[in-house]
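Here's the structure, in C-alpha cells; my notes come after.
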Amino acid sequence: MINEIFFGEKKDKIYSALKNVLENVPYYRENWGFKLPPIEKFDYSFFQQFVPILEKDEVRTHNDQFISTRYDKNELTFDVTSGTTGNPLLCYKSKKERLKRANELWKQRRMFVPDLSVYDRFARFYAYRMNEEYLITNKVLHRGNELHIPLFDYSEDRIEEYLSEISQFHPRWMHGPSTAIFNLAKHAKSKKIDLKIELIELNGEFVTDIQQSLIKEVFQCKVANHYGSREFWAMAYSCEEGHLHVLDESLFIESIYNESLQDYELVVTSLSNDAWPLIRYKIGDVGTIEKISCNSHSSSYVLHLKKGRIADYFTLAGNKYINAITFSGIIRGLSNIKGSLVVYQYQVLKVAENELIIKLCMNKENAENIKSFIVRLGTEIRKIIGNEIILHFKIVDSIQPDPKTGKCRDFVDLTKKGVEYERALLE
Ligand SMILES: [Zn+2]
C-alpha cells in the first residue's frame, strides 16, 4: 500500500526514468520484455508486474551495460563497492549527478547547522591512503580544511592522539562510521576530555540508540544519521527528531516482502542518475517505509531500517537457521540494568557449526553486574540455539571494524570461505 502511494507521487519521474533506460541503456533495452504504456495507463500494478527487481550480482556481471549510450564512459567517475565475492561493482556518476546529489546532502546538513559550509573545517575517517611509495593507515593527516583520522587502530594511546589532534584542529563538524566515533566518545568520556563539535554525521553502518546518545553527550553536538551507499550516495537523512527521511527528490524506494526471509527488503530506483541508472535495485537492507509529517517535513517518507543485513542469517548444528538480529534483541533487552548500560558493543563469531564466541565490550563501571549479565545472556541465547551449541564469552576493550568496509559487523561466520581477515578477529 505504501509503495503504491509513494509511486503515485513520483509517477512522472519514474516514467521518465523508465523511458530513458528503454531508449538509452543497453542492459534494459536487451533484457526488458515490455513496452511502456501511455502515462495514463502507467500505474503501480504495471510497474510491479513488469519491471524486474535487479540483483547486485546481475549489475556486477553486466556493469558497463548499465551505462547510458548518451554518455561517454570516460567522462563519468565511479565509486567502487567492496562486495564479498567476485569482481567489485563500479558505480558510475556524471558530473551533473554528483553536483545534484551533493547539493541535496548539504541541504540536509544545513537543517542541523544552517550556516555550515563546504569550506568549514571538518574531521573524517580513512582506511588507507597511498603515498608515492607506501600505504598509510595509521597517521592523522591534514588536508586543507579536512582532518583525516585512521579507521582501524583504536588502542588507547592512539585514541588519545586522535582526540588531541581533533581538539587542536577544532572542526565544526565530523562524519564517519558510528563505531569509530563511538570509540572516540567512550574514551573522551572516561578521560573527561572536553570537546565540542557542532554536528556529527554518522554513516556507514547501523547506529544503536546507546551509541548515539553517548556521542551526543560527549561531544555536546547534534547527531545526524546518513543512510547511503556507493550506488546511490545519500538515500535517506535524519531530521532533528530522528526520523530517517528518504531523499525523494532523487530516489523512489519500495519495501517488498520476501517470503524466504520473512521480512521486508528495500528496493531502490534512482530518479536522477541518467548516466548509470539502477531501476528496482535490491540494496541489501531490510526495512519498512512509512509516510509521516513532522516539524521539519510536512509530508515525507521515512525508513525504519532493521539492524542485520540479509547475509546475517546463519545455520547452526541441529538444522537451525537463525537471524543474527536475535543477538541484538537479547543483548539490548538485557543490557539495561538498573538504568545503566552494561554492554556498549558486541560481536558474535561462528567458529564451527556447533560453536559460537560472543565478544562483549562492556561498561566497566558496572563490574559487579558483568558476571550476572553473562549468566542471563547465556540462558536467553540457549532458549533459541538450544543446549548442544558450545558458547564462549569473551570480554574485550574494543571491536575492530572490517578493513574492507569500515563496518563493524555484529555477526561473522568464520566457517565460510574467504574470511581470512575475519579469522584475525579471533586473536
Ligand atoms: Zn522528521
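The values are calculated or read from the model by the stated rules, or taken from the named source; none is laboratory data. These numbers come from a predicted model, not from an experiment. Reconstructed Cβ throughout: ideal geometry from the backbone, glycine too, with neighbour counts over all protein chains shown. Side chains are part of the model used for accessible areas, which takes the heavy atoms of the whole protein and leaves out ligands, DNA and RNA. Shrake-Rupley method; radii C 1.70, N 1.55, O 1.52, S 1.80 Å.
For the residues Ser270, Ser300, the requirement of being assigned by TED's automatic domain parsing to the domain that holds Arg29 and surrounded by fewer than 19 Cβ atoms within 10 Å (Cβ to Cβ) singles out Ser300. Residues Ile292, Ile358: which one is at pLDDT 90 or above, away from the ligand (no atom under 16 Å from the Cβ), under 25 Å from the mean Cα position of the chain (by Cα) and β-branched (Val, Ile, Thr)? Criteria check complete, one pass: Ile358. The set of residues from the range 391-415 being in a loop (DSSP other than H, G, I, E, B) and either open to solvent by less than 20 Å² (accessible area, probe 1.4 Å) or at pLDDT 75 or above (or both) comprises Asp397, Ser398, Ile399, Gln400, Pro401, Asp402, Gly406, Arg409, Asp410, Leu414, Thr415. Taking Ala224 as the residue in question, decide whether it is open to solvent by less than 30 Å² (accessible area, probe 1.4 Å), within 16 Å of the ligand (Cβ to nearest atom), in contact with a helix residue (DSSP H, G or I) (Cβ under 6 Å, 6 or more places away or on another chain) and in the same structural domain as Asp194 (by TED's automatic domain parsing). When the stated conditions are applied, Ala224 passes them. Of the residues making up the range 174-196, those that are in contact (Cβ under 8 Å) with a residue 60 or more places away in the chain and surrounded by fewer than 22 Cβ atoms within 10 Å (Cβ to Cβ) number 1.
Of the listed requirements (1) open to solvent by less than 30 Å² (accessible area, probe 1.4 Å); (2) assigned by TED's automatic domain parsing to the domain that holds Lys19, Gln262 misses just one: (1). The helices (runs of 4 or more DSSP H) found entirely in the range 1-91 that carry 1 or more residues being in contact (Cβ under 8 Å) with a residue 12 or more places away in the chain, within 20 Å of Ser255 (Cβ to Cβ) and assigned by TED's automatic domain parsing to the domain that holds Thr288 are 2-24, 44-50, 56-61. Entry remark, the range 296-309: residues being within 11 Å of the ligand (Cβ to nearest atom) and either at pLDDT 95 or above or in contact with a His (Cβ under 9 Å, 6 or more places away or on another chain) (or both) number 5 in total.
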